[in-house]
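Below is one structure, written out as structure tokens; comments come after it.
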Amino acid sequence: MGETPASINPVPARRRGWPLFLLGVLLCALGPIVYLIQLKMNVLVTPWHAPILATLGVLALIVWIAQRPGWLRIAGAIPFVLFCCFEWFMLLVAFRTPAYTGPAVPEKKLPSFATTLAEGRSLTDKDLANGSRTALVFFRGRW
Amino acid sequence: MVELGQLERRHADFEKRQVRILAISDDSQEVARATQADFPHLGIVADADENMAKAIQVIHHGAGRDRADTNAPTTFLVDGKGTVRWLFRPGHFIQRLSPDELLAAIDRTWPPN
């Protein structure tokens, strides 16, 4: 009985995991891409899909690391983890507006004020009680 | 400004409901005039001293350019007697009412005959 040639019992190739890594990166990148498309279409809704997709991407990267733990893979995932945290921070903290607690609530009269229209004429609360219905749209200005 | 463009394009729907739109910011008069030229069917308010914003308390401190104060995006429906009938403030300043959402709020507040 001779030795078994190595070619008959080959060592199984280790899974490289590149598809999982690419999936994780793609999911992280998809959020901002979809948001840009949303802005181009003038759809002004909060992009919750972005941090959710990034979270799924990070989970894919965690599985990718678990397949073959190592410092190189961990280092490769860190930027995407930070990006995911950044997106959650922006939506949960930075972009939030405070709840309205002012005097102009339903069934109350507008408080007194005096300001100016773009054309230069004055505008006061009395001008908004002249029989016309009005939608007051406060916006952040022309940046 | 996207929001104002959307409202401008749908101005006929608001006129049909006899609702005028006043868009208020703390822009200077000069900038507000340019905005008025861009959106001729809207009423643009140059609230540079923030008198109206302070009275109605829509200031969002430190949220503007260079951490200056600015208006928190807020929409009010006011009837002919100056009484507030409805208000909306989004949870995030990147979110805005669409014209359809505002028209729906107007129809709920003042149902068409």
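Only residues that are of a type in the set (Asp, Glu) and in contact with a Phe, Trp or Tyr (Cβ under 9 Å, 6 or more places away or on another chain) were counted in the stretch B:65-84, giving 1.
Restrict the check to the stretch B:35-58 and report whether at least one residue is closer than 30 Å to A:Trp88 by Cβ and in contact with a Pro (Cβ under 9 Å, 6 or more places away or on another chain). Looking for residues that are closer than 30 Å to A:Trp88 by Cβ and in contact with a Pro (Cβ under 9 Å, 6 or more places away or on another chain), one finds at least one in the stretch B:35-58, hence yes. Here A:Arg73 meets each of (1) surrounded by 14 or more Cβ atoms within 10 Å (Cβ to Cβ); (2) assigned to a helix (DSSP H, G or I); (3) modelled with pLDDT of 95 or more with one exception, condition (3). Could you tell me whether the stretch B:74-83 includes any residue that is more than 7 Å from every other protein chain (Cβ to nearest Cβ) and either over 25 Å from A:Lys126 (Cβ atoms) or touching a residue at least 12 places away in the same chain (Cβ under 8 Å) (or both)? There is no residue in the stretch B:74-83 that is more than 7 Å from every other protein chain (Cβ to nearest Cβ) and either over 25 Å from A:Lys126 (Cβ atoms) or touching a residue at least 12 places away in the same chain (Cβ under 8 Å) (or both).
Residues of the stretch A:126-142 that are surrounded by 15 or more Cβ atoms within 10 Å (Cβ to Cβ) and more than 7 Å from chain B (Cβ to nearest Cβ): A:Asp127 alone. Taking the stretch B:84-113 only, how many residues are at the interface with chain A (Cβ under 7 Å from one of its Cβ atoms), free of Cβ contacts under 8 Å to residues at least 12 places away in the same chain and not in a loop (DSSP other than H, G, I, E, B)? The qualifying residues number 2. Determine whether the stretch B:35-46 contains at least one residue that is of a type in the set (A, V, I, L, M, F, W, C), more than 13 Å from A:Gly141 (Cα to Cα) and in a loop (DSSP other than H, G, I, E, B). Yes, because at least one residue in the stretch B:35-46 is of a type in the set (A, V, I, L, M, F, W, C), more than 13 Å from A:Gly141 (Cα to Cα) and in a loop (DSSP other than H, G, I, E, B).
Every residue, every condition in (1) in contact with a strand residue (DSSP E or B) (Cβ under 9 Å, 6 or more places away or on another chain); (2) among the aromatic types (Phe, Trp, Tyr); (3) within 23 Å of B:Asp69 (Cβ to Cβ); (4) in contact (Cβ under 8 Å) with a residue 24 or more places away in the chain, yes or no:
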| site | (1), (2), (3), (4) |
| --- | --- |
| A:Val63 | no, no, no, yes |
| A:Glu107 | yes, no, no, no |
| A:Ala118 | yes, no, yes, no |
| A:Arg121 | no, no, no, no |
| A:Arg133 | yes, no, no, no |
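All conditions in (1) facing another protein chain (nearest Cβ under 7 Å); (2) hydrophobic (A, V, I, L, M, F, W, C); (3) out of contact with any Phe, Trp or Tyr (no Cβ under 6 Å at 6 or more places or on another chain); (4) surrounded by 15 or more Cβ atoms within 10 Å (Cβ to Cβ) hold for B:Val2, with the sole exception of (4).
The values are calculated or read from the model by the stated rules, or taken from the named source; none is laboratory data. Keep in mind that this is a model prediction, so the values were computed, not measured. Because the Cβ atoms are built from the backbone with ideal geometry, glycine has one as well, and the counts that use them run over all protein chains shown.
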